[in-house]
Amino acid sequence: MERIWWKDAVVYQIYPRSFMDSNGDGIGDLNGIGARLDYLAWLGISVIWLCPIYRSPNDDNGYDISDYQAILEEFGTMADFDRLLAEAHRRGIRVILDLVLNHTSDAHPWFIESRSSRDSPLRDWYIWRDGRDGHPPNNWESIFQGSAWTLDPATGQYFLHLFTERQPDLNWENPALRHALYDMVRWWLGKGIDGFRIDAISHLKKAPGLPDLPNPWGLPWVPSYEMHMNQPGVLDFVDELSRETFRHYDVMTVGEANGVSPEQAVEWVGSARRRLSMILQFEHWTLWSRDPHASLDVVALRKIFTRWQRTLHGRGWNALYLENHDLPRVVSRWGDPARHRYESATALATMYFLMEGTPFIYQGQELGMANTEFHDLAEFDDVFARNRIAQMRSEGRSDTDILAELALTARDNSRTPMPWDDTANAGFSTTTPWLTVNPEYREVNVAAQRAASRSVLHYYRDLIALRAAEPALLDGRYDALLESNRKVYAYTRLRDGRGFAIICNLSAAPARYRHRGLVLRHEALVLANHDVNLHDDLTQFALRPYEARVYRVEAG
Ligand code: NOJ
């Protein structure tokens, strides 16, 4: 079989603003990342994904780009980037960048030109429409709250923005715009980077004629995306993008593809099509976003992952993740950081990491970091949180109420500075960081977990090493076991009849494993987050809260 490097890879996602500050301004930067490459090499990851590092007014922390070919001053210079790339490569670590193609900043010269007059040659690079009787052109809601349209008084037309009003959507129907983007993409590829994570790629195509939504609201805090997500024709854009750029390089491409089903994903990432390497799907986190108070529904989670695993096996490739910079921490969502931090963080890790696909780790996840603490609405930095606060206030909700919702849902939860040690500012910076450190940093930090004999960090390192050493964990077939069990998520990964059984109790209560079809042997235990009782009968045994075990097995 041809070995494809990005299938073997483990990706580590870096939020540059919060990873490491090298120049004492309280903001993470490229040289800070460079200073921590040895840590990443020790951990064993093979690719870093940098969230946006381009010049930006930072309305949405870099996802609003004003110059695609310059580095945000706070993060350093292009020379710093080139050095980081070279230093990463020297350690065998590849680097992928975040590619934001759905929108730019309103400070991008293209938008400044486009808004300058109705006759601007770049007018059509963005989506401009006349209003309807003094109202926006249609009833679409922005993903970040409020109408998706803003009136530009100078020219009397509205522009579309699916995210904030400082992130105008690019008009992908315009070929000149598309080719200008491809030039920029090729420029980065020419520098020798190893690929991209492509932001909001399933939103590039809007429904023709931009029709009204029958119901603009999906959930109370999530609008309907029906007319601008995964629309027919979006794959033609992806196809052209890939044909004009990625396909000519040995790179990894990861599309952020909300709304794409596993069956459709075959079209997006199928090896036959050569469009993208993999997509980040959203289905499993709808379990949480639908009701952030609900505890983990193991049966529903297994159903979702199993469908993705089965559908793409042998036909495409999965991206595996539980955390990112848009989601609160997974131990707070689905684990139990107060009573079982180590166990729940490692059980969740074992569950997703050994499936078929490329695993992603978001900075701090490898420490089992939990959500941070908020005491006041003024502490929220994220533009979504700030818009949401304004929205809820206009609905008459009390500050206590708003704080309770955001403490659970805010993206700031996972954007706090990386805790490197227990010194001031968690070793992230010599000064007060841009976002307050998570107060648990004195216990939860890299130095403490490296020194401990048992820690979430060491467990992740073991998982990475195990996956790298075992072909069955790369492309062995996934089969779910105990399909109706409400606490235990168990599956096998088998290749030519050999492989692994992965057994995880994802609940805070004891659980029973019972399965006669698979022969487990004590001497074949390769990884566990609890001491295993060697007197257990391995056809049925008790699992402690969040206990996880991995056995080497052979099909009977
Ligand atoms: C998805 C990114 O992950 C998120 O952080 C950002 O706010 C939106 N896309 C808009 O670019």
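What about TRP49, is it assigned by TED's automatic domain parsing to the domain that holds VAL238, touching a residue at least 60 places away in the same chain (Cβ under 8 Å) and under 27 Å from ALA257 (Cα atoms)?
yes
Quick one: in segment 59-88, of everything that is assigned to a loop (DSSP other than H, G, I, E, B) and surrounded by fewer than 20 Cβ atoms within 10 Å (Cβ to Cβ), which residue is nearest to the ligand (Cβ to nearest atom)?
Among them, the one singled out is ASP59.
Has segment 396-415 got at least one residue that is within 23 Å of GLY26 (Cβ to Cβ), not small (Gly, Ala, Ser) and not in a helix (DSSP H, G or I)?
Checked against the condition, which is being within 23 Å of GLY26 (Cβ to Cβ), not small (Gly, Ala, Ser) and not in a helix (DSSP H, G or I), segment 396-415 yields at least one hit.
Does VAL100 satisfy the criteria of being away from the ligand (no atom under 16 Å from the Cβ) and among the β-branched types (Val, Ile, Thr)?
When the stated conditions are applied, VAL100 does not pass them.
For segment 317-345, give me each residue that is among the aliphatic types (A, V, I, L, M) and either within 16 Å of the ligand (Cβ to nearest atom) or free of Cβ contacts under 8 Å to residues at least 60 places away in the same chain (or both).
Correct list: ALA319, LEU320, LEU322, LEU327, VAL330, VAL331, ALA338.
Go through the residues of segment 479-499 one by one and say whether even a single one is of a type in the set (Gly, Ala, Ser), surrounded by 16 or more Cβ atoms within 10 Å (Cβ to Cβ) and touching a residue at least 60 places away in the same chain (Cβ under 8 Å).
yes
Quick one: VAL238 ticks every box in (1) more than 16 Å from the ligand (Cβ to nearest atom); (2) crowded, with 20+ Cβ neighbours inside 10 Å; (3) under 30 Å from TRP334 (Cα atoms); (4) not charged (D, E, K, R) bar one, so which box is it?
With (1) more than 16 Å from the ligand (Cβ to nearest atom); (2) crowded, with 20+ Cβ neighbours inside 10 Å; (3) under 30 Å from TRP334 (Cα atoms); (4) not charged (D, E, K, R) applied to VAL238, the lone miss is (3).
For segment 192-204, state whether one or more residues are more than 16 Å from the ligand (Cβ to nearest atom), closer than 13 Å to ALA148 by Cβ and in the same structural domain as PRO57 (by TED's automatic domain parsing).
We begin by selecting, within segment 192-204, every residue more than 16 Å from the ligand (Cβ to nearest atom); these are 192-195.
Of the ones still in play, those that are also closer than 13 Å to ALA148 by Cβ are none.
Within segment 192-204, none of the residues are more than 16 Å from the ligand (Cβ to nearest atom), closer than 13 Å to ALA148 by Cβ and in the same structural domain as PRO57 (by TED's automatic domain parsing).
Exactly one of (1) hydrophobic (A, V, I, L, M, F, W, C); (2) assigned to a loop (DSSP other than H, G, I, E, B); (3) within 30 Å of ILE502 (Cβ to Cβ) is unmet by ILE361. Its number?
(2)
Would you confirm whether or not segment 294-308 contains a residue that is at pLDDT below 95 and either away from the ligand (no atom under 16 Å from the Cβ) or surrounded by 17 or more Cβ atoms within 10 Å (Cβ to Cβ) (or both)?
Checking segment 294-308: at least one residue is at pLDDT below 95 and either away from the ligand (no atom under 16 Å from the Cβ) or surrounded by 17 or more Cβ atoms within 10 Å (Cβ to Cβ) (or both).
Does segment 112-121 include one or more residues that are within 16 Å of the ligand (Cβ to nearest atom), touching a Leu at 6+ places or on another chain (Cβ under 7 Å) and modelled with pLDDT of 95 or more?
Looking through segment 112-121, none of the residues is within 16 Å of the ligand (Cβ to nearest atom), touching a Leu at 6+ places or on another chain (Cβ under 7 Å) and modelled with pLDDT of 95 or more.
Please identify the pairs in which a residue from segment 9-34 that is within 15 Å of LEU97 (Cβ to Cβ) has its Cβ atom under 6 Å from the Cβ atom of a residue that is of a type in the set (Asp, Glu), counting only partners at least 6 apart or on another chain.
LEU30/ASP80
Please determine, by comparing only the residues of segment 12-26 that are buried (at least 23 other Cβ atoms within 10 Å of the Cβ) and touching a Pro at 6+ places or on another chain (Cβ under 9 Å), which one is farthest from VAL254 (Cα to Cα).
Residue satisfying both the conditions and the ranking: ASP21.
Counting only residues that are touching a residue at least 40 places away in the same chain (Cβ under 8 Å) and on the phi > 0 side of the Ramachandran plot, which one in segment 183-222 is surrounded by the most Cβ atoms within 10 Å (Cβ to Cβ)?
Only one residue fits best here, namely GLY195.
Let me spell it out: the conditions are (1) among the hydrophobic types (A, V, I, L, M, F, W, C); (2) closer than 20 Å to ASP421 by Cα; (3) surrounded by fewer than 22 Cβ atoms within 10 Å (Cβ to Cβ), and TRP5 meets all of them except one. Which number is the exception?
Among (1) among the hydrophobic types (A, V, I, L, M, F, W, C); (2) closer than 20 Å to ASP421 by Cα; (3) surrounded by fewer than 22 Cβ atoms within 10 Å (Cβ to Cβ), the lone unmet condition for TRP5 is (2).
The values are calculated or read from the model by the stated rules, or taken from the named source; none is laboratory data. On a predicted model such as this, the values are computed, not experimentally measured, just so you know. When we count neighbours, we look across all protein chains shown, and the Cβ atoms used for this are built from the backbone with ideal geometry, even at glycine.
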